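Below is one structure, written out as structure tokens; the observations come after it.
Read-outs throughout are calculated quantities, based only on the coordinates presented, and are distinct from any laboratory measurement. The shown structure was predicted, so the numbers you read here are calculated from the model rather than taken from an experiment. Ideal geometry is used to build each Cβ from the backbone, glycine not excepted, and the neighbour counts take in all protein chains shown.
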Amino acid sequence: MDRIFSGIQPTGNLHLGNYLGAMRNWVRLQDSYECIYCVVDLHAITMWQDPAELRTSTREVTAAFIAAGIDPKKNIIFNQSRNSDHTELTWVFNCVARLGWLNRMTQFKEKAGKHRENASIGLYDYPVLMAADILAYKATHVPVGDDQKQHLELARDIAQKFNNDFGVDLFPLPEPIILGVASRVMSLRNGTQKMSKSDPSEYSRINLNDGPDDIALKIRKAKTDPEPLPSEVAGLEGRPEAENLVGIYAALGDRQPEEVIGEIGGLSFSQFKEKLTELAVAELGPIGAEMQRLLAEPDEIDKVLSDGGARARALTAPVLAEVFETVGFLTD
Ligand code: TRP
């Protein structure tokens with residue numbers, strides 16, 4: 001069976017954009033692939049993280065995976081730092097990847113901003129660690145959003161150069177699984193900005209562990225425009241907030257905007273928002289409640305991570321042994 005690896009950073013709350021854009025797809029992929037889902041704490045510390053918050057976020061993301069329906073028995077769920085093979089393989093890959101390749105990474109340029117000299121070396125090396133994450137498992141497929149495509153390309157380049165340099169066929173070239181339209185959920189306060197955990201306004205996003213009252217309040221306060229909803233998708237053009245809310249409504253119901261627009265065309269925003277709230281509470285309410293239940297018993301979460309870590313190490317140990325042998329390291 002083909003094998004999937006994907007990761008998500010434990011930095012701040014998970015929101016509706018993470019759920020519709022990534023997590024819900026991950027839930028579906030578990031039926032047709034062997035899946036390894038990783039809470040990438042090593043990646044998180046490439047930017048400063050408060051230690052207590054890092055621990056909390058790691059448990060929250062894990063709780064969200066389980067609450068969203070990812071089965072931790074069938075799949076592997078673990079936090080990255082539990083398997084040191086990721087960092088060992090990163091070192092070998094550091095010696096394969098070229099400076100010129102990393103200098104082209106747009107995410108580094110964005111995250112480092114103007115103060116490049118002040119960025120951590122870890123932030124620069126981030127994509128090499130990501131390549132090691134994937135290739136340590138010889139994963140064949142990686143579900144990625146737009147922002148990670150370039151990093152996946154780099155992982156393929158590293159795999160190919162390693163194979164070429166040593167004249168082996170050790171690493172498969174991982175293929176992207178491009179996630180659907182719903183991967184762009186915008187802020188509830190500004191339809192032209194992506195919904196983001198770093199937005200200072202809590203009203204800009206619906207968090208996965210929000211209760212029904214929070215969900216209702218945030219939708220009620222969501223920015224709109226003065227016109228009623230159009231009855232065709234073309235009528236959403238130039239109306240980013242309307243387009244976003246219709247997109248969310250469609251995605252939550254697992255439909256396309258074309259399919260829902262007939263049903264809501266002509267409604268006022270307040271009427272539409274009632275429908276949207278009802279659907280959002282029905283879809284997200286149970287996930288939030290299950291997250292709260294799990295977070296009240298962190299032992300259960302920690303056990304999932306510990307068990308997942310052991311199973312992850314069992315998969316990567318033979319791959320690392322092959323790599324060490326290929327490179328010429330003496331081992332026991
Ligand atoms: N860089 C990814 C992100 O921020 C997270 C990630 C780390 C990842 N390792 C990965 C995604 C391996 C896919 C495969 O979204």
(message) Just to check, using Stokes-Einstein with a Kirkwood Rh over alpha carbon pairs, what's the diffusion coefficient of segment 105-248 at 25 °C and 0.890 mPa s in µm²/s?
(response) 133 µm²/s
(message) Report the rotationally averaged projected area of segment 38-174 based on its alpha-carbon convex hull, in square nanometres.
(response) 9.2 nm²
(request) Tell me the label-point distance for the pair R255, W101, using the 7 Å Cα-to-Cβ offset, in nm and rounded to one decimal. (result) 4.6 nm
(request) Please report E60, E88, E278 as a ranked list, fewest other C-beta atoms within 10 angstrom at the top and most at the bottom. (result) E278, E88, E60
(message) At a 10 Å Cβ-Cβ cut-off, how would you order F269, F65, F324, fewest neighbours first?
(response) F324, F269, F65
(message) What's the whole-number percent of alpha carbon pairs in segment 246-313 lying beyond 21 angstrom?
(response) 49 percent
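By counting other Cβ atoms within 10 Å of each Cβ, how are W48, W26, W91 ranked from fewest to most?
Ordered by Cβ neighbours within 10 Å, fewest first: W48, W91, W26.
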(request) Place a +1 charge on the Cβ of each Lys and Arg in the chain and a -1 charge on the Cβ of each Asp and Glu, then give the dipole magnitude about the Cα centre in debye, rounded to the nearest 20. (result) 540 debye
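State, to one decimal in nm², a quarter of the convex hull surface area for the C-alpha atoms of the chain, i.e. the direction-averaged projected area.
Computing the convex hull of the Cα atoms and averaging its projections yields 18.3 nm².
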(request) Give the value in nm², to one decimal: projected area of the alpha carbon convex hull of segment 202-293, averaged over all directions. (result) 5.5 nm²
(request) Just subtract the alpha-carbon distance of E322 and K194 from 0.36 nm times their residue separation and send over the number in nm, one decimal. (result) 41.9 nm
(request) Return the sequence-ordered ³J(HN,Hα) values of segment 190-199 in whole Hz as given by the Karplus equation 6.51 cos²θ - 1.76 cosθ + 1.60 applied to θ = phi - 60°, using x for Gly and Pro. (result) 7, x, 9, 10, 5, 4, 9, 6, 8, 5
(message) Over 5 Å intervals from 0, what percent of Cα-Cα pairs in segment 163-251 sits in each interval?
(response) 3, 12, 18, 19, 14, 8, 5, 4, 5, 5, 4, 2, 0
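What share of Cα pairs, in percent, lie more than 14 angstrom apart in segment 56-132? Could you put the intermediate results ahead of the total?
Values: 2054 of 2926 pairs.
Roughly 70 percent, once rounded to a whole number.
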(message) What do you get for the angle between helix 51-68 and the principal long axis of the chain? Use alpha-carbon atoms, 0 to 90 degrees, nearest ten.
(response) 70 degrees
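Taking square-rooted eigenvalues a ≥ b ≥ c of the alpha carbon gyration tensor, is segment 7-76 rounded, prolate or oblate, where a/c under 1.5 means rounded and, failing that, a/b exceeding b/c means prolate?
Because a/c hits 1.5 or more and a/b exceeds b/c, segment 7-76 counts as prolate.
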(message) With 14 Å as the cut-off, how large is the P(r) tail for segment 274-332, expressed as percent of Cα-Cα pairs?
(response) 73 percent
